Amino acid sequence: MPPVALQAHFDGERIVLDEPFDLPPHAPLLVMVLPASAETDTDSDQAWLRSAAGSDAFAFLADPAEEIYTVEDGEPFRDAA
């Protein structure tokens, strides 16, 4: 069976999967306990954005050779709403 990540929670006695999954008896498992966090989804989104902005993963976009389009190459987007 290929590795798969499943969300679960601890009910005080057992680890309970949040969604049904056909798991054979005695299947080997690797359990990772995540720290309890008071972060809201917005907080974690902001943390992700800060991390992405500080990463060098998109540094190549600052290269002038990547500037292959100009404002004359297309039409402005106008949202219908």
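The values are calculated or read from the model by the stated rules, or taken from the named source; none is laboratory data. Quick caveat, the model's predicted, so the values are computed rather than measured. So basically every Cβ, Gly included, is an ideal-geometry build from the backbone, and we count neighbours across all protein chains shown.
For segment 14-32, a tally of residues being in contact (Cβ under 8 Å) with a residue 12 or more places away in the chain and over 16 Å from Met1 (Cα atoms) returns 4.
At pLDDT 90 or above and among the aromatic types (Phe, Trp, Tyr), is that true of Phe21? Even if it seems obvious, please write down each step before you answer.
Values: at pLDDT 90 or above: yes; among the aromatic types (Phe, Trp, Tyr): yes.
Spelling it out, Phe21 is indeed at pLDDT 90 or above and among the aromatic types (Phe, Trp, Tyr).
Could you list all residues from segment 1-39 that are within 18 Å of the chain's Cα centre (by Cα) and either surrounded by 10 or more Cβ atoms within 10 Å (Cβ to Cβ) or not in a loop (DSSP other than H, G, I, E, B) (or both)? If the condition is that a residue be within 18 Å of the chain's Cα centre (by Cα) and either surrounded by 10 or more Cβ atoms within 10 Å (Cβ to Cβ) or not in a loop (DSSP other than H, G, I, E, B) (or both), then Leu6, Ala8, Glu39 are the ones that fit. Scanning segment 6-13 turns up at least one residue that is at negative phi, in contact with a Leu (Cβ under 6 Å, 6 or more places away or on another chain) and either of a type in the set (S, T, N, Q) or touching a residue at least 12 places away in the same chain (Cβ under 8 Å) (or both).
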